[in-house]
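A short write-up of the structure that comes next.
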Amino acid sequence: EEVVPVINRVLRNVRFDVVAYTYDWHPHNHISFYENRYLREIDPESKVSADEAKLLDSLIFVGPPRVEQVLWPAHCVQDTRGAALHKDLILVDNAIHVFKGANPNVDSYSAFWDNMKLAKTTLDEQLKERNVTDVYVVGLATDICVSATAMHSLEHNYRTVLIEDACRGVDAKEIEVKRLELNRHGCIFVDSNVVPGMVDGIDRRPELTRNIFKENLNNIRLK
């Protein structure tokens, strides 16, 4: 709830060409749910058993596919109120809506790919169809879905900006780890107050200019 007013203020003050909303959209038997830890065979190399596992522990499931999975409380179950966007969040017209995490056997933090990169969402395709070059990321949780989405945005050569006061995370140490990792790959971190100037081209960030140069250089090499 803390981030919704910040996100709404950004949506009111900034005229984005495209807005995308993402949904966790899990079936009731999803692999990430703590309650479902007995539904699948545990790999012998798993550090804990299903009996020993606690919330936020990781289990290794045999699969297919073989996967190490963090156990979360059941959340965002398809066609329930818990999977809906926050009731106070502003919804803009002609937005992109991305539903992720529908595969019961593979989790999906990023809005672009599932965690094993077995399946891609439509987000990249839709952004490219609309000639998007810059992606501003907000939401929950900074160290999980937000950071995964930002990293894949960078991999797809979008200039990527994370609006820090429009995000919240789970673990402070992991937030810092993800922040450093994203920064190394070219993501920049800003406060929501500077976003209007950035989108309007008044506040030109040299970090993003360097990312444009790297992208153009890669395109030249490909040719």
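Where a number appears in this text, it was derived from the coordinates with a stated rule and is not lab data. Predicted model, so just to flag it, every value in this text is computed and none were measured. We place every Cβ from the backbone using ideal geometry, glycine too, and count neighbours over all the protein chains shown.
Do the conditions hold for SER110, that is, is it among the hydroxyl-bearing types (Ser, Thr, Tyr) and either out of contact with any helix residue (DSSP H, G or I) (no Cβ under 6 Å at 6 or more places or on another chain) or over 18 Å from TYR21 (Cβ atoms) (or both)? In short, no. When restricted to residues that are over 17 Å from TYR109 (Cα atoms) and surrounded by fewer than 19 Cβ atoms within 10 Å (Cβ to Cβ), segment 142-163 contains 1. Please enumerate the residues belonging to segment 8-52 that are surrounded by 15 or more Cβ atoms within 10 Å (Cβ to Cβ), outside any loop (DSSP other than H, G, I, E, B), in contact (Cβ under 8 Å) with a residue 40 or more places away in the chain and not acidic (Asp, Glu). Correct list: ASN8, ARG9, VAL10, LEU11, ALA20, TYR21, THR22, TYR23, HIS26, PHE33, TYR34. Among the conditions (1) within 30 Å of ASN94 (Cα to Cα); (2) touching a Leu at 6+ places or on another chain (Cβ under 9 Å), the only one that PHE33 does not satisfy is (1). Of the residues in segment 119-137, at least one is under 27 Å from GLU68 (Cα atoms), buried (at least 18 other Cβ atoms within 10 Å of the Cβ), β-branched (Val, Ile, Thr) and under 13 Å from the mean Cα position of the chain (by Cα).
Restricting to segment 53-83, and then to whatever is under 28 Å from GLN126 (Cβ atoms) and touching a helix residue (DSSP H, G or I) at 6+ places or on another chain (Cβ under 9 Å), can you tell me which residue is surrounded by the fewest Cβ atoms within 10 Å (Cβ to Cβ)? Among those residues, the one meeting the criterion is HIS75. In summary, HIS86 fulfils each of the numbered conditions (1) surrounded by fewer than 15 Cβ atoms within 10 Å (Cβ to Cβ); (2) on the phi > 0 side of the Ramachandran plot with the single exception of condition (2). The one condition from (1) assigned to a helix (DSSP H, G or I); (2) closer than 30 Å to SER49 by Cα that MET151 does not meet is (2).
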